[in-house]
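K.L.:
Below: one structure in C-alpha cells.
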Amino acid sequence: MTPAQAPATFQGSHVDTDSEPWLGYIRVSTWKEEKISPELQRAAIEAWAKRTGRRIVGWIEDLDQTGRNFKRKIMKGIAAVEKREVKGIAVWKYSRFGRTRDGVPVNLKRLEDAGGQLASATEEVDARTATGRLQRGILFEFAAYESDVRGESWKETHDHRRYKLHLPATGRPRWGYIWTPRRVPDATAPTGWKLQEETYKAHPETGPAVAECYREYVTGTSFYELVTRVNSAGYRTVRGGMWTVQTLIRYMDTGFAAGLLRVHDPACQCPPEGRSNCRTTLFI
C-alpha cells in the first residue's frame with residue numbers, strides 16, 4: 001500500500017515519480033498563541049518541496065493537538081518511513097513535530113534509524129552535519145522551553161481558580177447546575193466578548209435530582225439502581241449521553257455537589273509530569 005492509498009493516514013497526493021517521496025505533516029496546537037493555520041503550513045511545505053526538488057505524496061494532519069506527547073497521527077508517518085514508503089517527513093517548523101524532551105529524541109531516532117529524515121520548511125538546518133544536528137537540537141529545546149513556560153502559566157491560572165476563586169480549573173457545564181461562564185460573546189463589545197462573574201447555581205430541575213442521588217446512595221441504593229433511575233427519568237450527561245455506573249461514580253466522587261473541589265495535594269512532591277496519575281488528592 002502506498003501513502004496515497006492509505007486514507008486513515010494520508011490526505012491528498014501529487015503524481016510525480018522523478019523525485020524523492022516525502023510526507024507533509026501539519027499540526028495545529030491546542031495553544032491559542034500558536035494556532036498557525038493549516039493552509040499556511042501547507043503552503044510553506046509545498047514551497048520547500050519545490051525549492052529542494054522533493055515531492056509531497058501525502059499529508060498528515062493533527063488538528064488541535066498538543067505537541068507534548070506523541071499520541072498523534074504523526075506516528076503513522078514514522079511507520080510509513082520505516083516501511084520505506086516515503087523518504088522523510090516535512091514540517092513547517094520543528095516544533096510541529098513535538099515539544100517534549102523525551103518523546104522527540106525517541107521518535108526522531110526511530111525515524112532516522114529507518115533511513116528517514118525530518119525537515120523543516122522554514123528553518124534551514126542540515127541535520128546531516130554535527131553543526132546542523134546541534135542547531136536542530138537547540139530549536140527543539142526552545143520548543144520544549146516554550147511549552148514549559150505555557151504549562152506553568154496554565155498551572156498558575158488553574159491554581160488561582162481553584163484556591164482563590166474556588167472554581168473548577170476549567171470552566172464547563174456541570175450536571176445539576178446552571179453555569180454562567182466568565183466570558184460570553186457580545187457583538188456590541190470592542191473585543192466581541194463580555195466579561196462577567198463566573199458562577200454555578202443549582203438548576204431548578206436537575207439540581208434536586210443530583211441531591212436525590214446522594215440521599216439514595218447514603219440509604220444503601222446501589223449505583224446500578226441510581227443509574228437506572230436517572231436514565232429512566234430522562235436525565236442525560238452534560239454531553240447528552242446516557243449515564244453509566246462509572247460516569248455517575250466519577251461525578252459524585254468529585255464532591256462538586258457538596259461545594260467541594262477535588263485537587264492534587266500541593267504538598268505532594270511528585271514530578272509535574274506524573275500528577276495526572278497521582279492519587280494524593282484532597283478536597284477544598
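The values are calculated or read from the model by the stated rules, or taken from the named source; none is laboratory data. Bear in mind that the values here come from a model prediction, so they are computed numbers and not experimental data. Quick reminder, even Gly has a Cβ in these numbers, built from the backbone with ideal geometry, and neighbours come from all protein chains shown.
K.L.:
Got a sec? Which of T228, T219 is within 22 Å of T254 (Cβ to Cβ), surrounded by 12 or more Cβ atoms within 10 Å (Cβ to Cβ), over 24 Å from the mean Cα position of the chain (by Cα) and of a type in the set (V, I, T)? Before you say what the answer is, go through the steps one by one.
P.N.:
On the way: T219 fails: surrounded by 12 or more Cβ atoms within 10 Å (Cβ to Cβ).
Testing whether each residue is within 22 Å of T254 (Cβ to Cβ), surrounded by 12 or more Cβ atoms within 10 Å (Cβ to Cβ), over 24 Å from the mean Cα position of the chain (by Cα) and of a type in the set (V, I, T) leaves just T228.
K.L.:
Using beta carbons and a limit of 7 Å, which pairs, at least six apart or on different chains, have the first residue in the range 150-177 and within 26 Å of G240 (Cβ to Cβ) and the second one at pLDDT 80 or above and loosely packed, with under 15 Cβ neighbours inside 10 Å?
P.N.:
G171/P181; P173/V238; R174/V238; W175/V238; G176/A202; Y177/K201; Y177/A202
K.L.:
Which one is farthest from L261 (Cα to Cα), of the residues in the range 174-184 that are outside any loop (DSSP other than H, G, I, E, B) and at pLDDT below 90?
P.N.:
V184
K.L.:
Mind checking which residues of the range 146-173 are assigned to a helix (DSSP H, G or I) and among the small types (G, A, S)?
P.N.:
Across the range 146-173, the qualifying residues are S147, G151, S153.
K.L.:
Further question on the same structure: Quick one: G241 ticks every box in (1) free of Cβ contacts under 8 Å to residues at least 40 places away in the same chain; (2) in a helix (DSSP H, G or I) except a single one, so which number is it?
P.N.:
Status for G241: all satisfied but (2).
K.L.:
I'd like to know if the range 112-129 contains one or more residues that are surrounded by fewer than 17 Cβ atoms within 10 Å (Cβ to Cβ) and in a helix (DSSP H, G or I).
P.N.:
Checking the range 112-129: at least one residue is surrounded by fewer than 17 Cβ atoms within 10 Å (Cβ to Cβ) and in a helix (DSSP H, G or I).
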